[in-house]
Every structure is written in structure tokens, then in C-alpha cells.
Amino acid sequence: MRFNTHWTRRPRWALLLTAACAAVVCALLGAAPAQARWLRAESPKFIVFSDGDEMRLREQVQQLEMFDAVLRAAHQLDPKGLPPRKLTIYLVKDHAGLARMWPGEPERISGLYNASPGDISAIAIRDSKETTHRAANQDTWEESTLFHEYTHHFMLQNFPFGFPTWLIEGYAEYYGATTVDGGHIETGKFSAGRVYELDGLPWLPMQDVLGKRLDQIPEKQWSMFYAQSWLLTHYLKSDPARSRQLIAYMIDVGKGGDPVTAMQKATGMDMVALTQALHGYLKGRLSFTVFNNKSVATPEIAVSTMPASADALLLEAEHVRHGVARSERDSVLKIVREKAAGFPDDRLAQITLAHAEIKMGDRKTGEAILDRLIAKDPNDVEALALAGESRLDAGDQEKDYDKTRADYQASQSFIARAFKLDPNRYQTLSSYARSRRMLDQTYPSDNTLEALLAALDFAPQVAQIRFEAADGMMRRKRWAEARSIITPLANDPHNPGGARAARDLLERINDEAAAEAKAKGG
């Protein structure tokens, strides 16, 4: 993929029109009549569901494929390479659709990404044909959200290192502003909202941006943290020499170097000089890159129509897979029961009901539904895996050791059948490793450790998978590998609780490794 660098000045009127245009288009979209007809599109790297127009769905899937090609070209990865698993994305008409999957999210949220033990997926409010082509230098919303989150997903898949928070978010902000219009791809475009903040609001000290996590900064300054992180990324990537400095910086901090010291070493500037350079860069011309994608083959996209039950339950099914908050369980269970009752012979409706019953309602009812689904289709991988997971959950609730062990043993046949049908499903691999904690005399066995690492390969974005794999390595006293597995979580701005747990675990790894080294030396 060839690319050229272009320059653009920031027209001041664009800053004023962006918000106004967005409000007008949102109003127009809100007035459009609802049309519920879910489509499923599958391409080499994505599975995308949409309740909108088929032509626009194909365009959006192609945009996603082209964006992945941009990231691969920028990071010198095989342009024909495929991810271990395809990312699932849901495109909805409005915030009401988004709220069906994630209740309680503010109206301003246009999309979300979640990597959980149950699934890895994103949801975004889709745009219409009328909003596809926007004025130059204006922010995109839906594509920006998807591109931002996909950058996180892509980096964790291909470069799972312990980068500082500013780089994690600055990188996603930088690539999130990419625009894809047919064969025309521009990356590194400026974000009008971020520029407005940088022009008019007080900056954070650069040593705080570089050296602190988001939870160490007052919440009212988070937006400025993102803006400065974006600008620093843009500055470093806008020039070949500075790009090499960024690579040197990433290698340094990836090996455990201090983020502030590493930046001074890479750029040759202290924090005062770096701040001045960024102010000067902001006032000048901001570069962006135009990619020529003629060398990238048009992806094959297969589109099919979902059953009528998808209108009622597709989004609820994904919500249940990811796990429902305790405060929402009663209401979600009620909704699923009521909607599934209208589709007694439909697979999507019934497996959603089974999942909801097992996790939030009556386990025996859920398992009976799964028994019927498996009898009808012995190759239903999700039903088999869920049946095994249900036995593990039941065992965890038992107080009697023998009953717990019996439930864990009962899970094995379902998990084994699911694995045989799809050995690349990380949920099944994780369930298998979970079951062996009780059944292995010495956990983890070689086979169990292999399952843990395979799950990590398929789902490096899932925090729980990382903790499970790191725990397995620690039990084997493979300290360096345990440390490398858990380090990428330590600065995760989207999961502060998980980040704290990761830092605590890293401290424990270091302590136990030091104690072992001391014992061997003594």
C-alpha cells in the first residue's frame, strides 16, 4: 500500500460548524422511520450486524477492512494476514438500540467496545448515506468511534506491550480520526474537538501526561489528557525522523523504561522544550497521510438476512454473553423471557433464553432448553459450551467438595465436544482450563497450560484470559512470561480496577521471583 503525506491548515469555521452540523444530522436521523430488518455481513476480518440498508452495510464493512489494511501497512504487517478471530460489530440506528445492549450509557455515547470472557464485540450508532461524506477536517462520529476502538483491539492483538496510558489513548485518537471514502483513505487528520481544547484550555504538565495514568489525574482534566496525548502522537508520527523517535520510545518503555525519561532520551528534549515544540506544531500545518489502496483487493463480503427473532433479541443476546450487571438482571431476564416466548422454535431466541436462565434465572430450565437445542443440532458449539459452563457454575455454588467435583466432571463431555467442533474458540478453552483447577492433581498440567496460552492467543484483549494465563505461568515459576502476559493491563485506562489488580500481581510476581532467586543463591 503506497501513501503520500499532505498538509492542512485548520479552518477556524470548521470548529464552529462541526457541532452544529452534527446536531442537525442527528435530528434528521431521529425523525427517520424505524425499519427493523437485521442483516449479517461477514468479511475476512469482521462479522457485522446491522438493522439498516444492505448497500450501506457493505460500504461500512469495506471501510473497516480498508482501515485494517491501513494499520497493517503502518505497522509493516502482512497485508494478507488474518486475525485469530473475527471481530463482531453491531450497527444500530440510534441510542435506543445501543441501550438495549448497554443500558444506562449516556446519550452522548455513540459506541462501545467490550472484551469479556463471554465475547469480544463493538456496537456503534450507524450513520446514513447522507452523513457518509463530510466536509474536510470535520470530526466523524460513528466511524471515529469504531476506528478508535478497533485500534485498541488491533494493538492488543499484535503489540501487547506495557505502554503508558498516553500512548494507548493517543494512538487510538490518532488513528480514530481516519476517514475512508471508497478508495480514498486519509489518516492523521486533525480532530476539531481536540484542537479546540488545546487552543483554549490550560494544558497539563507534559510530565503528567507522559507519566501518569488516567486515574491519577482529576476527572475534569481527562479531556485535556486525551487532547495532549493525541497531539503528541500526531507530532511524533508526522515526520520520519520523529517516527523513529517514537519507535525508540516504544521499545524503551516496552522494556520497562520510565515514560518521562524515555521521551527525553528519544527526542533529546526536556519537558519544557517538548511543550514548546508541541505548541509550535499546533500553530503550524498538521500533516496527514493519504493511502493508495489500489494494491488491496476488494474484500469478499457475504450478506444474509437474520431471522425475525433478531429484531427482538439479537442485542439482548450479546448483552447476556458479556454479562449483565447485578442491578439489571431482573429486568433483563424479564425482557428475554417475554420476547423469547414469541419464538418457541427459534434457535436464536431459545439459546438467548437458555443463557439468561443459566446466568440469572432457573439453571435447570436453561439446561433443559440446551438439551433440546443439542438434540436438534449436535454440532451447536455455543449450546455445548454453554452446557459445560453451566455445570461449572453449578459446581462453584456447591458447598460440598464431592458435589462440586461431580459438577466439574459433568462439564467435561460438553466442553470436549465443543472443542472438537471449534478448537479456536477462546471461551471453550477458558472453560476447559477452569474445569481442570478442580480435576488436575497438579494444576496446570502441560495440556491445561497449552489451553490457557491458546485462549490468550485468540483473545489477548480479554483481561480475565490474561490473568488466568499469568496465574498458570506463576504456578510453573515462569516469572518472566507471567510478567509479560500481565504487563499490558497495568495502564489500561478503560479498566482501572483490572489495572490495579494487574499492578498488584506484577508486584507479587517480582517478589516471588526475587524470593526464588535468593533461595537458589543461598
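So here's what we get for this one:
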| item | result |
| --- | --- |
| Full-stretch length increase - Ala308, Ala99 - with 0.36 nm per residue and alpha-carbon distance subtracted | 73.2 nm |
| Within the stretch 403-429: backbone nitrogen closer than 17 Å to the Arg85 label point (7 Å, Cα to C-beta) | 415-429 |
| Simple spin-label estimate for Phe161 and Ala341 in nanometres, 7 Å along Cα-Cβ | 5.7 nm |
| Candidate lysines for bridging to Lys265, where Cα separation is under 26 Å - those fewer than 8 sequence places away on the same chain excluded | Lys212, Lys237, Lys255, Lys283 |
| Rough spin-label spacing in nm, given labels placed 7 Å along Cα→Cβ, for His184 and Ala248 | 3.8 nm |
| Extension gain (nm, one decimal) between Ile217 and His75, 0.36 nm per residue minus Cα-Cα | 48.1 nm |
| Proximal aspartates and glutamates to Lys220, defined as alpha-carbon separation beneath 13 angstrom and excluding residues fewer than eight positions away on the same chain | Glu197 |
| Point-to-point label distance, Arg475-Glu328, nm (Cα→Cβ direction, 7 Å offset) | 3.3 nm |
| FRET efficiency, 1/(1 + (r/R0)^6) with R0 25 Å, evaluated for Glu450 and Tyr401 via beta carbons | 0.40 |
| Residues of type lysines that Lys359 reaches as a straight line, Cα spacing below 21 Å, ignoring anything fewer than 8 places off in the same chain | Lys334, Lys339, Lys399, Lys403 |
| Summed residue charge, Cβ within 15 Å of Asp270's Cβ, Lys/Arg positive, Asp/Glu negative | -1 |
| Local electrostatic count at Arg213 - Lys and Arg +1, Asp and Glu -1, tallied over other residues with Cβ under 12 Å | -1 |
| Sites Thr298 and Glu107, calculated FRET efficiency, Cβ-Cβ separation with R0 35 Å, nearest 0.05 | 0.45 |
| Förster radius 41 Å - calculated FRET efficiency between Asp422 and Asp199 (Cβ-Cβ, nearest 0.05) | 0.20 |
| Difference of contour (0.36 nm per residue) and Cα-Cα distance, Ala241 to Lys265 | 7.2 nm |
| By average C-beta atoms within 10 angstrom, highest first, the peptides 114-125, 404-415 | 114-125, 404-415 |
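Throughout, read-outs are computed from the coordinates displayed, never taken from laboratory work. As the structure is a computational prediction, the values presented were derived from the model and not from experiment. In this analysis, Cβ positions are derived from the backbone assuming ideal geometry, glycine residues included, and neighbour counts consider all displayed protein chains.
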